[in-house]
Amino acid sequence: MLRKMTEPEFAPWAQLFLAEYADDLSANYGFDALRARSEAQQALHAVLPQGVETERQVLLVIEHQGECVGYLWYQRNETNAFIMDFLVLPPFRGAGHGRQALADLETQLAAGGISEVRLRVAADNPRARQLYEACGYHITGHNMSKQV
């Protein structure tokens, strides 16, 4: 089940997000740990200046039997949504929670007039890519980067 994230849940989620995003920046862009953490913090504050109340940003908790098993954050416009972050907590991975969360999200979005869901998956995350492809997502391009 997906439900709206509450204000008290924002800070713990943000810490998880910052750690994972900083790891992604280090692994995929070669940033050192300090720079990666700084970039992640700046990005989070720029995109979510009002936390859970930021316009066009939707922060959700993935629950199973009343327990938080993960988080899903998407940005919405008139016709599509972009998944900004999707995390099933490690103890709950492999149990179908990710697949169910995506199905629930798609149902909610379609009911709200959204016709397309987009996302980015890190190159070093084949498990996530397999999940997305199994759920019907397809590659639309590749992000590329070069340090100068």
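The values are calculated or read from the model by the stated rules, or taken from the named source; none is laboratory data. Because the structure is a prediction, the values reported are computed rather than measured. Here the Cβ positions follow ideal geometry from the backbone for every residue, glycine too, while neighbour counts run over all protein chains shown.
For the reader, a short list of remarks on this structure follows.
- Out of 91, 8, 49, sole residue that is farther than 26 Å from residue 124 by Cα and assigned to a helix (DSSP H, G or I): 8
- When the residues of the stretch 131-148 are filtered to those that are hydrophobic (A, V, I, L, M, F, W, C) and not in a loop (DSSP other than H, G, I, E, B), the one that is nearest to the chain's Cα centre (by Cα) is 131.
- Which listed residue is within 15 Å of the chain's Cα centre (by Cα), under 24 Å from residue 146 (Cα atoms) and either among the aliphatic types (A, V, I, L, M) or surrounded by fewer than 17 Cβ atoms within 10 Å (Cβ to Cβ) (or both), from 81, 40, 33: 40
- Against the numbered list (1) in contact with a Lys or Arg (Cβ under 9 Å, 6 or more places away or on another chain); (2) in contact (Cβ under 8 Å) with a residue 24 or more places away in the chain; (3) farther than 23 Å from residue 26 by Cβ, residue 99 comes up short only at (1).
- Near pairs, Cβ below 8 angstrom, 6+ apart or cross-chain, from the stretch 48-68 (under 22 Å from residue 104 (Cβ atoms)) to any residue that is surrounded by fewer than 11 Cβ atoms within 10 Å (Cβ to Cβ) and at pLDDT below 95: 56/77
- Matching entry among 106, 53, 67 (being among the acidic types (Asp, Glu) and farther than 19 Å from residue 9 by Cβ): 106
- Top-ranked residue in the stretch 45-75 [being charged (D, E, K, R) and either more than 15 Å from the chain's Cα centre (by Cα) or buried (at least 17 other Cβ atoms within 10 Å of the Cβ) (or both); ranked as farthest from residue 2 (Cα to Cα)]: 55
- Lone qualifier among 111, 14, 101 - being over 21 Å from residue 143 (Cα atoms), exposed (fewer than 14 other Cβ atoms within 10 Å of the Cβ) and either out of contact with any His (no Cβ under 8 Å at 6 or more places or on another chain) or among the small types (Gly, Ala, Ser) (or both): 111
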